[in-house]
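Below is one structure; the comments refer to it alone.
No lab work stands behind these numbers, since they all come straight from the coordinates. Small disclaimer: the values here were computed from a predicted structure and weren't measured. Methodologically, a virtual Cβ is constructed for each residue, glycine included, from the backbone with ideal geometry; neighbour enumeration extends over all protein chains shown.
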Amino acid sequence: MRVDIGNALASEADPGITRDALDALDERVADARDRIANGMADDEFGYAALNLPERTDADKIEAAVEGFDPEAVLTVGIGGSALGAVTITEALASDSPIDHYALDNVDPAHVDRLLDDLPLAETVVHVVSRSGTTAETLANFLVVRDAMDAAGVDWADQTVVTTGESGPLRDLAESEGLPALDVPDGVPGRFSALSTVGLVPAAMMDVDLDGLLAGGRAGADALSDSLYDCPAYAYGAVAYALDERGASVNAMMPYVEGLESFAEWFAQLWAESLGKGGGGQTPVRALGATDQHSQLQLYRAGPRDKLVTVVRPRERPDCPIPETDVADFEYLGGQDLGTLLDAEFEATEASLAAADRPSVRVELDRMDAESVGRLLFDVEAACILAGELYGVETFTQPAVEWGKNAARGLLDGGDFAEAEAVREKTKLVVE
C-alpha cells in the first residue's frame, strides 16, 4: 500500500500540517509504536488484532466449510461480525457464482424481502456472535431458522457458527453438531476481519485466504518507528493531526465499486474506536466518481472541517470506450473506463487542492487478495496508532454497550438502568 500525504501539508491546505509539526509528531509516533509493539508481543486485548495475519488458520476455516456447495451465503451478525466479511467478498468475489448477503439489521421489511428472495435450500448460514447473546443476531437467526423450517429445509445441515468458547451459540453448535469456529481471543469485532469472523463466506466463495493473510503480514512487517517509513502510521498520524487542526470529518472515498463496503467498514472502525472523550473524527462514506458529482461540492466549498481520503487500485481491468462519430463524444472514443475513472480521481484531488482543502491518497497495487489484506491491516494499524495519539481507550465502546443494555431492558431481557432512561424520554410531539 502507498500513502501520499502531500495534499495534507499546510503549504497546500487549510487545515494542514507543517513539515516541522510533522517531524515533531513523528517523535510521538515512535513512542506510540513502542506501546503497540509491546501490546502485540504480549497479545494484549485489542493489540492482538495486529497478530491475526500470522495466527489465523486458513486451513481450519476452509475445513469447516468443506462439503458445502451453496448458491448463496448468508452472514447473520451485526457491526464487526458482518462488515468485514461483506467488505472482503465485495472486493474479491464479484465473479463468484455464489452470492453473499448479510443480515446485520433487524428491519422486518428488509428481513422478509431478503428471505423471500433467497434460495433457502441452497443457502449456507454463517451466524457470528462472540458472546452468543447479541440480541439482533439471535433474533435474525431465529427468524432465518423458522423460514428454513417452513420451506422444508434442515437448517442444521446448512449452518456454520463462529462464537466464543461458551455461550448459547456454542451450546447450540454442540447439541446440533454444527461446524463451529472460535472467534479470536482479545480482538474486538471491528478489528476481526482477517479472522474466522470475516473469512468464512470468503472461503466458501473461493477467495484466496492465504493471499489475504499474506497481505496482512506484509503490513505487519512494514510497521516501523517512523511515519515516513510506514504507510499505516503515516495515515493514522496525519488523520489525527488534521483533526486536531479542525478537520473533524474524514470522508472515505474509494474510486472502485468493490471497495464501497470498505468505506462502511472504515466508518465503524474509526467511529467506534476513536469517538471518545468528546473527540474523534466523524467518518463519512462516499464513492468515487458517483459522489464527486454531489458531496464534493460540500467538501470543496463548505466548512473547512474535512479531510478527504481518496482510495484507488493502481491497476484496473481494461474496458475500452468505443470510437464514435458524434463530435461532442469524440474525446471519449478510444479511451478506457479505467482511464476515465483515474482522471476523475485526480481531478478530485486537484479540485480540493485548488480550494486549499486537505486530502490523502491511498493506493493499492491492484484489487487482489494480497492488496486487500494489506489495506485492511494498514487501516486497522492506522486506527490503533491514532488512538495512541489521542490518548483514548481504542478498543472499548462504552456508548455502544449503553445502547445494547437499554434495548435489552426494554425487551425484558434483564434489569438495566439504561432502559429506564429511555422510558423517561422528554417529548415534544408535533402532529
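Compute the Cα gyration tensor for segment 50-207, then decide on rounded, prolate or oblate, letting a ≥ b ≥ c be the square roots of its eigenvalues: rounded whenever a/c is under 1.5, prolate when a/b is larger than b/c in the other cases, and oblate in all that remain. Walk me through the numbers before you get to the answer.
Details: a/c = 1.42, a/b = 1.23, b/c = 1.16.
Judged from the Cα gyration tensor, segment 50-207 comes out rounded (a/c under 1.5).
Considering amide H positions built from the backbone, and no H for Pro or chain starts, which residues 5 or more places from V125, or on another chain, come under 5 Å of its amide H?
Sorted by chain and number, the residues that satisfy this are L74, T159, V160.
Apply 1/(1 + (r/R0)^6) to the Cβ-Cβ distance of D229 and E431, taking R0 = 60 Å, and write down the FRET efficiency to the nearest 0.05. Before the final figure, lay out the partial values.
On the way: r = 61 Å, r/R0 = 1.01.
Using R0 = 60 Å, I get an efficiency of 0.50.
So which chymotrypsin sites (Phe, Trp or Tyr not before Pro) in segment 329-431 end up in coil per DSSP with only 11 or fewer other C-beta atoms within 10 Å? Spell out each step's value before the answer.
Details: sites: F329, Y331, F345, F377, Y390, F395, W402, F416; in loops: Y331, F395, F416.
Here the sparse-neighbourhood loop sites are Y331.
For segment 49-104, which GluC sites (Glu not before Pro) pass both filters: DSSP loop (anything but H, G, I, E, B) and at most 16 other C-beta atoms within 10 Å? The partial results should precede the final answer.
On the way: sites: E54, E62, E66, E71, E90; in loops: E66, E71.
Here the sparse-neighbourhood loop sites are E66, E71.
Go ahead and run the numbers for FRET between E424 and L332, Cβ-Cβ distance against an R0 of 60 Å, rounding to 0.05. Mind showing how you got there, number by number?
Working: r = 61 Å, r/R0 = 1.01.
The computed FRET efficiency comes out at 0.50.
Against the longest alpha carbon principal axis of the chain, how many degrees, from 0 to 90 and to the nearest 10, is the axis of helix 260-274 turned?
90 degrees
Which of K425, K306, K276, K60 has the fewest other C-beta atoms within 10 Å, and how do the rest follow up to the most? Can you show the working numbers first?
Details: K425 6, K306 25, K276 18, K60 12.
Going from least to most buried by this count: K425, K60, K276, K306.
Cα centroid distance between segment 351-378 and segment 220-258, in Å?
Computed from Cα coordinates, the inter-centre distance equals 9 Å.
Quick check: pseudo-label points 7 Å beyond the Cα along Cα→Cβ at D59 and D107, how many nm apart are they?
Output for this residue pair reads 4.3 nm.
Can you work out ³J(HN,Hα) from phi for every residue in segment 55-71, in order, using Karplus 6.51 cos²θ - 1.76 cosθ + 1.60 and θ = phi - 60°, giving whole Hz and x for Gly and Pro?
9, 5, 9, 4, 4, 5, 5, 5, 5, 5, 9, 4, x, 7, 9, x, 8
Rounded to the nearest 5, what % of DSSP beta bridges with both residues in the chain are antiparallel? Provide the component values of the computation, followed by the final result.
On the way: 4 of 39 bridges.
Around 10 percent antiparallel, to the nearest 5.
When the expected Rg is taken as 2.2 N^0.38 Å, what fraction or multiple of it is the alpha-carbon Rg of segment 258-403?
Numbers: Rg = 18.4 Å, N = 146, 2.2 N^0.38 = 14.6 Å.
That works out to 1.26 for segment 258-403.
Grab the beta carbon distance between E244 and V400, set R0 = 25 Å, and tell me the FRET efficiency rounded to 0.05.
On the way: r = 24 Å, r/R0 = 0.98.
Plugging the Cβ-Cβ distance into 1/(1 + (r/R0)^6) gives 0.55.
Starting from segment 270-371, pick out the GluC sites (Glu not before Pro) whose DSSP state is loop and whose Cβ has at most 13 other Cβ atoms within 10 Å.
Values: sites: E272, E315, E323, E330, E344, E346, E349, E363, E370; in loops: E315, E323, E330.
Hits after loop and neighbour filter: E315, E323, E330.
Report the gain in length on full extension from A353 to D146: 0.36 nm times residue separation, minus Cα-Cα distance, nm rounded to one decimal.
Numbers: separation 207, 0.36 × 207 = 74.52 nm, distance 5.47 nm.
Roughly 69.1 nm would be gained on extension.
Among W265, W155, which comes first, then next, by fewest other beta-carbon atoms within 10 Å? Spell out each step's value before the answer.
Details: W265 27, W155 19.
Least crowded to most crowded, the residues run W155, W265.
Taking 0.36 nm per residue of sequence separation and subtracting the Cα-Cα distance, how much length would be gained by fully extending the chain between A135 and D4, in nm to one decimal? Could you put the intermediate results ahead of the total?
Numbers: separation 131, 0.36 × 131 = 47.16 nm, distance 4.20 nm.
That works out to 43.0 nm of additional length.
³J(HN,Hα) across segment 11-16 via Karplus (A = 6.51, B = -1.76, C = 1.60, θ = phi - 60°), whole Hz, x for Gly/Pro?
Working through the residues one at a time gives 5, 10, 8, 9, x, x Hz.
Explain nothing, just compute: Karplus ³J(HN,Hα) = 6.51 cos²θ - 1.76 cosθ + 1.60, θ = phi - 60°, for every residue of segment 358-368 in order, whole Hz, x for Gly and Pro.
Those phi angles translate into x, 8, 10, 9, 10, 10, 9, 5, 6, 8, 10 Hz.
Give me M367, M253 sorted ascending by neighbouring Cβ count inside 10 Å, so fewest comes first.
Working: M367 20, M253 28.
Ranked by crowding around the Cβ, least crowded first: M367, M253.
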